[in-house]
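To keep things clear, I will list the structure first and then write my remarks on it.
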Amino acid sequence: MTTKIVAVASDESTALAFDVVPGQAHEAPRLKPLLRRTVTRLRPAASGASPSEPVLSPVGPVEQMVGDKAYGGQPQREACTALGVVLVSPPKKNAIAPVPLDKAAYRERNRIERLFAKIKEFRRIATRYEKLKETAL
């Protein structure tokens, strides 16, 4: 049994939200809940709101989500649009109406890859000793 880590990050040093999923599960269905959690966390609090409500963090609001081809499906694009986020992902090969790729924005994907490289320096995570989500977090 293996596991995968799915993350939303602002750069190579700041993971905003993450989840651990079984290795055989596809990560695309986890996009909507993770992105919703991130957008809600970073949304500015309304005037007169209680202190327990989320406040805008130094990271700022989520405007773009850059992902690999696995996130290029129509359900993921619709989930991002519903949250006011632009999805930058190469279209899947079988896309009926492929969306043009913003190559300049897509180059920023290397930042999340660098975050995973840093995480994998910790042997316990790299070798997935922890098989249960509760113990991995």
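In segment 113-124, the condition of being within 16 Å of the chain's Cα centre (by Cα), surrounded by 12 or more Cβ atoms within 10 Å (Cβ to Cβ) and assigned to a strand (DSSP E or B) is met by no residue.
Scanning segment 86-137 for residues that are at pLDDT 70 or above and among the polar types (S, T, N, Q) returns Ser89, Asn94, Asn110. In summary, strands (runs of 3 or more DSSP E) completely within segment 1-79 and bearing 1 or more residues that are within 10 Å of the chain's Cα centre (by Cα) and modelled with pLDDT of 85 or more occur at 64-66.
Restricting segment 80-102 to residues that are in contact with a strand residue (DSSP E or B) (Cβ under 9 Å, 6 or more places away or on another chain) and part of a helix (DSSP H, G or I) leaves a set whose member that is nearest to Pro29 (Cα to Cα) is Cys80.
The values are calculated or read from the model by the stated rules, or taken from the named source; none is laboratory data. Note that this is a predicted model, so its numbers are computed, not measured. Cβ coordinates were reconstructed from backbone atoms using ideal geometry, including for glycine residues, and neighbour counts include every protein chain displayed.
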